[in-house]
Amino acid sequence: MREAYVMQWNIRHIWGLTLCGNAVRVCSFGNEHLLVSRDMKLSEKEGRAKFIQLLVYWSFCEEHRLGYDTTMSWLPELKCWQIEVRSLQANDGEKQTPTADSKLFYTRSTIAAAEHLFGRHTRSFLATDTKPVCTEDTAAENCSFVIKDSWVESTFDADNDKRNEA
């Protein structure tokens, strides 16, 4: 699993299945969690029905539910990742909500690549805000931004949030 996080930069969590005898369990591996379902017994009608429902759900669900970060897209013609960074707006010192404003960045390099299976294995990318025109453009020396892939939500109000200094 660790290799999936390192190699596929737009993964937030990974789904897995375990099969032991006639029992299947669904697992979700994430930054700070490991969730495991109850047994679905394939030898029983109810267990088979639940397993088929799961496969149908995975076939039709949105990308973010499959574990992908939808703010990141691979641009094959430029061989780089495009990252959409959304602006946040404070609501009376409560939770921050995304606004319609966003800025696009482009990257081919990481500083930290989520090498650990559990814990704070966030990724940090060297990026530029200039869209590359060829596959050689976003070299590390041309990057002037560092983008961290996730932050824990702050309990501070937006005006006093120390993360704004970064």
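Couple of notes before you dig in:
- Single match in 121, 116 (criterion: open to solvent by 40 Å² or more (accessible area, probe 1.4 Å) and modelled with pLDDT under 70): 116
- Here the stretch 64-113 is the region considered, the condition is being of a type in the set (D, E, K, R), on the phi < 0 side of the Ramachandran plot and modelled with pLDDT of 65 or more, and the residue that is least open to solvent (accessible area, probe 1.4 Å) is 69.
- Residue pairs whose Cβ atoms lie under 9 Å apart, sitting 6 or more positions apart in sequence or on different chains, and linking a residue in the stretch 56-67 that is over 13 Å from residue 26 (Cβ atoms) to a partner that is β-branched (Val, Ile, Thr), are 62/70; 63/70; 64/70.
The values are calculated or read from the model by the stated rules, or taken from the named source; none is laboratory data. Because the structure is predicted, anything quoted here is derived from the model rather than measured. Heads up, the Cβs are rebuilt from the backbone with ideal geometry, glycines too, and the neighbour counts pull from every protein chain shown. Each accessible area value is taken on the protein alone, full model and side chains, heavy atoms only, with ligands, DNA and RNA left out. Shrake-Rupley method; radii C 1.70, N 1.55, O 1.52, S 1.80 Å.
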